[in-house]
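The values are calculated or read from the model by the stated rules, or taken from the named source; none is laboratory data. Being a predicted model, the structure only gives us computed values, none of them experimental. Here Cβ is always computed from backbone atoms with ideal geometry, including for glycine, and neighbour counts include all displayed protein chains. We work out accessible area using only protein heavy atoms, side chains counted, and drop any ligands, DNA or RNA first. Shrake-Rupley method; radii C 1.70, N 1.55, O 1.52, S 1.80 Å.
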Amino acid sequence: MDSDYGVPRELSEVQKKRALYQPELPPCLQGTTVRVEYGDAAIAADPAGAHVISHAFPHTYGQPLAHFLRKTANVPDATVISEHPVVRVGVVFCGRQSPGGHNVIWGLREAIKAHNPNSKLIGFLGGSDGLLAQKTLEITDEVLSSYKNQGGYDMLGRTKDQIRTTEQVNGAMASCQALKLDALVIIGGVTSNTDAAQLAETFAEAKCATKVVGVPVTLNGDLKNQFVETTVGFDTICKYYYFIRMMGRKASHVALECALQSHPNMVILGEEVAASKLTIFDITKQICDAVQARAEKDKYHGVVLIPEGLVESIPELYALLQEIHGLHGKGVSMENISSQLSPWASALFEFLPPFIRKQLLLHPESDDSAQLSQIETEKLLAQLVEDEMNRRMVLGHVCYHILAAGLNGYMATVTNLKSPANKWRCGAAPISSMMTVKRWSRGPAATQIGKPAVHMATVDLKGKAFELLRNNSTSFLIDDIYRNPGPLQFEGAGADSKPISLCVEDQDYMGRIKKLQEYLEKVKSIVKPGCSQDVLKAALSAMSSVTETLAIMTSSSTGQGTPL
């Protein structure tokens, strides 16, 4: 009920102690002066889709990257903002529940009040529905008191509805104008941040004063790109290893991280199944072989992790789901779908256990994907095996810095996360630069389909995290080396632990861009009029080789050949 939102809660002794914890802020977010260094224009990672994206987002595509600097930074051309007028900022939770959402709001309010005590933070109740209906709650210290360092989206509530139609976008703009908001912060995952980019573009075109900022919060960990190392919520959900079927929808990041953290005997990743085109029977045989190998060592126990999105990675089950969803779209009732399936789909459907049949018949989500959280894939595999043999705070401050810099259509970013907080790099990147355009192979060429969007990042089967898992898979299978990291800790030995998949990957994209700029500046300082012929020749030779290599890499990524 709306009346329950923001109501102070009775906390347990453990929750009271947890609420006292004060997260550490990186130096670039401390103090009341905002220092911004603007970089080059950010472009899409996929050059082939850049034209489509720039055409769809003419006002917000190609904006510069922004880096927030610490007080001691020596950057002559940095923009320094020391005057902070009163602002009104709206915040809304979108998408699925995720740990860390309350701390984003806490950090945002703390930053707003620190820069001007008369500013206000306004929460929308019930997610995007509340945004459109202008159902609001002012976020005060009293409201926040029982939600600091507590999980979920309970303080404001949330919705899975998208802000996608013209009517919804215009409704959101009308609410922002009616409430005189200087900024709207959208907290969510890939779909919610795609919506944030569209709102920012529409607001800019309509000359609406409200700036839109996105915050990457999703337990799936699938909002990853060159600017976003990981999302709020992913670390926490990976530290709870109690369930065999892990959250994660179509991307298996949670299952991968939990496997690296807890050392189960076996983990089945959707990306690996899809890449190898494994059938349900292939997967069953793999599990059976593992059970038999352990039984030969007198080990009749084990742990297998399965991502909830596995069902859509298994070719025959995905095809069956598509046929069922097609019949749903034609208005066929759940009771009559089984009788209208094609012969092969009907045979597979009848082969499956009754509980799985019922779950597969559920109406699809708004994006036409299956209700993965309701499909008990782990029970299906367990039954098939049995028959055969007999798985936060800092970003709020970054949001205010983005607002203070007057940026629109940006996502708050924090990188170098595997280092201590005092070495984190905070900034902002245009959401449109994180977009891609879906392609489908039709004949010899790929055709661009649909609108640009922030798409989920799947597990990189060539990445270091997956390589680490594969290298240890045999040991996990045979040996009992279970590991339980436990829940997120605020103090003690486990307080500084980081996701293994974050630590093994070299994801500090922004740090490497900064390092490259330093090298280029050093070259310019050495190679200038008056330098020796040998220095000039060496520089020309090296730069020629580098630019030629980069040109080849860029052309191959766009699918264009290199002229001979």
Q: Search region 431-451 for residues being in a loop (DSSP other than H, G, I, E, B) and modelled with pLDDT under 85, and hand back the single one that is most open to solvent (accessible area, probe 1.4 Å).
A: 451
Q: Could you give me the residue pairs with C-beta distances under 9 Å whose first residue belongs to region 260-276 and is under 21 Å from residue 479 (Cβ atoms) and open to solvent by less than 40 Å² (accessible area, probe 1.4 Å), whose second residue is among the aromatic types (Phe, Trp, Tyr) and not in a loop (DSSP other than H, G, I, E, B) wherever it lies, and which are 6+ apart or on separate chains?
A: 264/476; 265/476; 266/476; 267/476; 269/466
Q) Is one or more of the residues making up region 84-92 over 23 Å from residue 176 (Cα atoms), open to solvent by 30 Å² or more (accessible area, probe 1.4 Å) and at pLDDT 90 or above? A) no
Q. Taking the condition in contact with a Lys or Arg (Cβ under 6 Å, 6 or more places away or on another chain), at pLDDT 90 or above and not acidic (Asp, Glu), does residue 113 pass?
A. no
**Q.** Candidate set: region 351-381, residues that are of a type in the set (D, E, K, R) and modelled with pLDDT of 80 or more; chosen: the one farthest from residue 282 (Cα to Cα)
**A.** 358
**Q.** Residue list for region 44-97, restricted to those being in contact with a Cys (Cβ under 9 Å, 6 or more places away or on another chain), of a type in the set (A, V, I, L, M) and assigned to a loop (DSSP other than H, G, I, E, B)
**A.** 69, 73
Q: Report whether or not residue 322 is in a helix (DSSP H, G or I), at pLDDT 80 or above and not basic (Lys, Arg).
A: yes
Q.
Here is a check on your reading of the model: is residue 327 modelled with pLDDT of 80 or more and buried (at least 17 other Cβ atoms within 10 Å of the Cβ)?
A. yes
Q.
For region 64-93, give me each residue that is of a type in the set (Ser, Thr, Tyr) and over 30 Å from the mean Cα position of the chain (by Cα).
A. 72, 82
